[in-house]
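The values are calculated or read from the model by the stated rules, or taken from the named source; none is laboratory data. Keep in mind that what you see is a predicted model, and the values were worked out from it rather than measured. No Cβ is skipped: glycine too gets one built from the backbone with ideal geometry, and neighbour counts run over all protein chains shown. For the accessible areas, the whole protein counts, side chains as well, though only heavy atoms, and no ligand, DNA or RNA atoms are used. Shrake-Rupley method; radii C 1.70, N 1.55, O 1.52, S 1.80 Å.
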Amino acid sequence: MSTSDYAPPQERERWGSRLGLILAMAGNAVGLGNFLRFPNQAVQNGQGSFMLAYFICLFLVGIPLMWMEWGIGRRGGSYGYSTCPGMFQSLTRAKWVKYLGALGVVMPLLIVVYYVYIESWTLGYAASAVTGELAEATGNTSAFFNTYLGADGNGFLGNDTWIGSNKALTFFLITMVVNLWVLSRGLSKGIEIVAKVGMPVLLLCAIALVARVLTLDNYEGRSALDGLAIYWNPEWRALFDESRAIELYGKGSAAIWLAAAGQIFFTLSVGSGAINTYSSYLTREDDIALTGLATVSTNEFCEVVLGGTLAIPAAFLFFGLDGVMEASSGNMGLAFKTMPRIFENMPLGFGGEAGGASGVAVYGLLWFGLLFVAGITSSLALSQPTMAFLEGAMGMTRRKAALVVGTIILICVGPVIVLPGVLDEIDYWAGTFGLVLFSTIEVILFMWVFRPSRAWGEIHHGADIRIPVVFKWIMTYVTPTLLLWMLYRWGTTQALPILTFQNDPNGNAYDEATRSAAYLARAEMLALFVFFAVLVGVASKRGYFKRAETLDSPEGSAT
Ligand code: PHE
């Protein structure tokens with residue numbers, strides 16, 4: 001490596017301890033996706049067959065990407081970079097890749113805009129559980145939800161085209177302040193402490209709720225365990241036979257595969273830049289092979305075992321299969337509308353009477369509290385890439401960076417709060433499609449441009465385990481092929497109508513209102529990307545990339 005006099009603008013931060021790092025990474029991955037998104041996705045997109053596709057994607061795409069992102073991140077960090085533009089530039093001589101790296105800042109920032117809004121609902125609901133408001137509303141939890149969001153015509157804008165309520169706004173602002181305060185305290189004194197306190201609390205709440213659900217007495221002849229059959233009756237044929245899939249689940253095979261893959265990306269936090277950024281704060285000698293795997297295992301435990309054994313079995317017990325299907329059909333219905341009704345029915349002790357209002361208070365606090373903790377450890381991870389960029393590439397102090405992050409989120413969240421449809425649109429582009437796109441770029445860069453043997457060596461440097469060598473082959477050929485196939489399928493079957501605003505990403509035709517929401521959302525996303533791409537250019541002028549650009553042989557030959 002040639003020497004360079006470029007020094008990163010600031011003393012870079014580090015994780016305080018290995019345990020702290022593990023919990024922070026677990027907190028990054030374990031989020032609303034595990035408890036809220038997973039059950040809906042599995043039930044609506046092929047159930048048992050979804051689970052088969054899910055585990056296949058976990059091994060062929062999820063775990064490989066996790067290792068790659070840890071590798072890219074730690075390598076970037078060893079040259080002083082905690083930003084994807086810098087990390088990418090340390091992998092190749094091609095100067096334009098840093099602009100692709102800007103996606104690794106913009107995408108998590110876009111996700112956090114709506115993520116933190118939903119996170120704030122969980123806080124608002126936890127508060128309503130405690131004050132007893134939620135218990136009063138169990139007769140009509142849909143109306144309660146609409147009132148909370150201001151979608152009942154009585155919001156601060158006074159109609160139901162443009163929505164938004166003071167209550168939702170208040171809890172949003174509280175949530176934002178907490179997030180920004182933690183971020184401004186930095187890595188080891190902020191994020192790490194939240195993870196060290198939060199993750200055990202999250203596990204305890206979830207385990208308590210799961211234990212309660214599994215020990216419930218039968219209700220109208222149904223048991224909670226029977227509810228598990230929804231996930232655990234796989235059929236292979238449906239994964240390849242279109243008509244069989246439609247007959248069984250009302251969804252085609254490709255839809256099942258794509259939903260399963262999408263869930264793997266989202267739940268593991270891969271394909272966004274969030275994992276890379278956390279990993280960049282490791283030292284070169286820290287293990288990533290085993291720790292990366294530990295992150296995956298923790299996440300899968302929280303998702304499949306805890307997340308999967310909570311809402312759906314409980315909903316099945318009290319409301320039967322039809323109830324489950326209905327509850328999981330909207331994105332938020334299960335967590336915010338169905339669960340409060342379930343809590344009303346759950347006895348507080350073992351056996352005995354339904355808990356009624358106290359049940360809603362106690363279980364509601366456990367459930368929404370658990371969601372809030374899961375949410376905040378992920379929203380911190382989603383914000384950190386922008387923090388790192390503003391500090392590292394723009395030379396801002398941590399405080400100033402936190403203020404800028406807060407300002408951007410506040411500006412961008414406006415449309416998400418007041419215009420129904422904007423949230424879904426951003427979730428689709430940044431939280432679904434974007435993850436596949438960014439992963440594809442990463443795999444090509446790391447496995448093909450940087451070369452397989454060097455990538456493999458990078459992942460094993462300082463490793464506490466040796467990864468079975470079959471994974472080297474999977475990472476080099478299988479993962480990129482699958483990713484490119486997904487993009488190809490998207491390009492040939494879905495891209496045109498979506499890009500030309502014919503139908504929304506779910507395949508439904510846009511109406512007047514959702515089309516304007518889509519215009520606004522896409523304009524917002526594009527503007528943010530352009531903004532950060534320009535900043536990458538500015539940082540480049542100031543010499544931020546100099547060190548990466550003067551590496552002797554970033555690509556080199558396979559060693
Ligand atoms: N993995 C988080 C969840 O399951 C969401 C997330 C996505 C966080 C991408 C960081 C990056 O909720």
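Here are V362, V324, V305: which of them is away from the ligand (no atom under 16 Å from the Cβ), open to solvent by 20 Å² or more (accessible area, probe 1.4 Å) and either among the aliphatic types (A, V, I, L, M) or at pLDDT 95 or above (or both)? Spell out the reasoning first.
On the way: V324 fails: open to solvent by 20 Å² or more (accessible area, probe 1.4 Å); V305 fails: away from the ligand (no atom under 16 Å from the Cβ).
Result: V362 is the single residue among V362, V324, V305 that is away from the ligand (no atom under 16 Å from the Cβ), open to solvent by 20 Å² or more (accessible area, probe 1.4 Å) and either among the aliphatic types (A, V, I, L, M) or at pLDDT 95 or above (or both).
Residues in region 228-282 that are under 16 Å from the mean Cα position of the chain (by Cα), open to solvent by less than 10 Å² (accessible area, probe 1.4 Å) and aliphatic (A, V, I, L, M): A260, A261, I264, L268, V270, A274, I275.
Does at least one position in region 41-62 carry a residue that is within 16 Å of the ligand (Cβ to nearest atom), open to solvent by 10 Å² or more (accessible area, probe 1.4 Å), in contact with a helix residue (DSSP H, G or I) (Cβ under 6 Å, 6 or more places away or on another chain) and polar (S, T, N, Q)? Yes - at least one qualifying residue is present in region 41-62.
Applying the selection to region 393-414, what residues are in contact with a Pro (Cβ under 8 Å, 6 or more places away or on another chain) and open to solvent by 20 Å² or more (accessible area, probe 1.4 Å)? If you could, list the steps in order and put the result at the bottom.
Initially, region 393-414 is screened for residues in contact with a Pro (Cβ under 8 Å, 6 or more places away or on another chain), giving 393, 395.
Scanning region 393-414 gives a single hit, G395.
Look at L19 and say whether it is within 16 Å of the ligand (Cβ to nearest atom) and either part of a helix (DSSP H, G or I) or farther than 19 Å from P108 by Cα (or both). Judged against the criteria, L19 is not a match. Could you please let me know if G76 is over 16 Å from the mean Cα position of the chain (by Cα) and open to solvent by less than 10 Å² (accessible area, probe 1.4 Å)? Yes; evaluated as a whole, the condition is true for this residue. Among the residues of region 242-282 satisfying the criterion of being in a loop (DSSP other than H, G, I, E, B) and at pLDDT 95 or above, which is farthest from the ligand (Cβ to nearest atom)? This residue is L282.
Residue under question is F145, and the condition is that it be farther than 18 Å from A513 by Cα and in contact (Cβ under 8 Å) with a residue 40 or more places away in the chain; does it hold? Talk me through it step by step, then tell me what you get.
Working: farther than 18 Å from A513 by Cα: yes; in contact (Cβ under 8 Å) with a residue 40 or more places away in the chain: yes.
Answer is yes for this residue.
For beta carbons closer than 8 Å, sequence separation of 6+ or different chains, a first residue in region 537-550 that is closer than 11 Å to K95 by Cα and a second that is part of a helix (DSSP H, G or I) and among the hydrophobic types (A, V, I, L, M, F, W, C), the qualifying pairs are F545/A539.
Taking the criterion of being under 14 Å from L123 (Cβ atoms) and surrounded by fewer than 20 Cβ atoms within 10 Å (Cβ to Cβ), the residues of region 156-214 that qualify are K167, L169, T170, L173, I174, V177, V178. Applying the criterion of at least 1 residues that are of a type in the set (S, T, N, Q) and surrounded by 23 or more Cβ atoms within 10 Å (Cβ to Cβ) to the helices (runs of 4 or more DSSP H) found wholly in region 84-139 leaves 84-89, 103-131.
Taken over region 283-299, the criterion of being outside any loop (DSSP other than H, G, I, E, B), open to solvent by less than 10 Å² (accessible area, probe 1.4 Å) and either more than 12 Å from the ligand (Cβ to nearest atom) or within 18 Å of I111 (Cα to Cα) (or both) is satisfied by A289, T291, G292. Checked against (1) within 30 Å of T283 (Cα to Cα); (2) open to solvent by less than 50 Å² (accessible area, probe 1.4 Å); (3) in contact with a Leu (Cβ under 6 Å, 6 or more places away or on another chain), G462 meets all criteria but (3). Filter region 433-446 down to residues that are farther than 17 Å from K98 by Cα and either more than 16 Å from the ligand (Cβ to nearest atom) or open to solvent by 10 Å² or more (accessible area, probe 1.4 Å) (or both), then give me how many there are. Qualifying residue count, region 433-446: 2. Without any contact (Cβ under 8 Å) to a residue 40 or more places away in the chain and either in contact with a Lys or Arg (Cβ under 8 Å, 6 or more places away or on another chain) or over 29 Å from L348 (Cβ atoms) (or both): is that true of V177 in this structure? Spelling it out, V177 is indeed without any contact (Cβ under 8 Å) to a residue 40 or more places away in the chain and either in contact with a Lys or Arg (Cβ under 8 Å, 6 or more places away or on another chain) or over 29 Å from L348 (Cβ atoms) (or both).
Just so you know, in region 69-127 the residues that are away from the ligand (no atom under 13 Å from the Cβ) and polar (S, T, N, Q) include one that is farthest from L293 (Cα to Cα), and it is S120.
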